[in-house]
């Protein structure tokens, strides 16, 4: 009886151990899957008088928590941060005190394995960075000095880990422009400013980059307004919505227009946008969230070409903040400056398009942050 009892007891213990191991493994997998990092808020500034932050905040959508990670961002402004197809994040350029930088950084999407990437051919700051269909990244324009915009284009090849200049240059040197990849793989580069001799001239011209030939060509039509520091987003039907931007007198445009790749032309939309637009976020239903320096946000319906003010309002007006689409269809508004322009915010709000309302995020950023880059990790 004793040997059988001991044997039974041993088998029971073994079974419990196996079940415990299985449960632990499954729990670890579920925990990792249930707590993905949705957004990286990179760099920016912590107060009005400080230099650039080198830290980042990861946002966990499921728990609505922020976790700080140090040493991800260069101590510069005007750089780009782009999620590559292989899951790494590429940081390019930025403005040093002397000139735009040629330095780059590469790190994993979870903030690990930070290392210097290859230098760019040209210095870039306040430029655009666009991932192409084949995984390469187009770096275009920007600033090459305090008073001169750039016509340089180059391509980063992740497989070879190197940059090379495009076959052709931009037809107009420009900075603070917008770049959107179109369904056919070409890239629309629109607006921005041409800077020369210390003077910035807002642009209404646009160009198309052909990844096959490596050349830039003007679109057949021009935008209906000059737009420096404009916003643009690809719509579900393959056209591009363009809004906001400044003219030469720094007046913000309250108009919007749509670029049609089939005709290579722009169509001005009827109606005045009731807010100044600085962010365009395409929602899950194909509509577009418009946000700016206002308590209110506007929803653009492409099917009806209408602008509707959402019923909900932000807790306070934000400027120089980030607005990022989350996986569940809501939008994260984080950091920036508030109603008191001398105060940098370290809170966040979440906009629910289904209800048209805002709710405070359950947790705050690790520290005050404004002018940050928001990288969607979805």
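We did not get these values from a lab; they are worked out from the coordinates using the rules stated. Just so it is clear, the model here is predicted, and its values are computed rather than measured. All Cβ positions, glycine included, derive from the backbone under ideal geometry; neighbour counts span all protein chains shown.
Cβ-to-Cβ counts within 10 Å put 83, 199, 230, 208 in ascending order as 199, 83, 208, 230, the fewest first. Calculate the translational D of the chain in whole µm² s⁻¹ from Stokes-Einstein, where the hydrodynamic radius comes from the Kirkwood formula applied to all Cα pairs, the temperature is 20 °C and the viscosity 1.002 mPa s. Reported coefficient: 97 µm²/s. As a rough footprinting exposure proxy, the listed residues 132, 155 were ranked by other beta carbons within 10 Å of their own, and the order from fewest upward is 132, 155. Relative to the longest principal axis of the Cα atoms of the chain, the long axis of helix 2-34 makes an angle of roughly 10 degrees. Sorted ascending by nearby beta carbons within 10 Å, beginning with the fewest, 106, 280 become 106, 280. Each Cα pair under 8 Å and six or more residues apart adds its sequence gap; the mean of these over the residue count of the chain is a relative contact order of 12 percent. The Kirkwood hydrodynamic radius of segment 227-333, based on inverse pair distances between different Cα atoms, is 14.2 Å. Largest mean-square fluctuation among 231, 264, 253, in a Gaussian network model of the chain whose springs join Cα atoms under 10 Å apart, belongs to 264. On full extension, the segment bounded by residue 316 and residue 284 gains 9.0 nm, given 0.36 nm per residue less the C-alpha separation. Compute the normalised compactness of segment 78-269: alpha-carbon radius of gyration over 2.2 N^0.38 Å, N being the residue count. Here the Cα radius of gyration is 0.99 times the empirical estimate.
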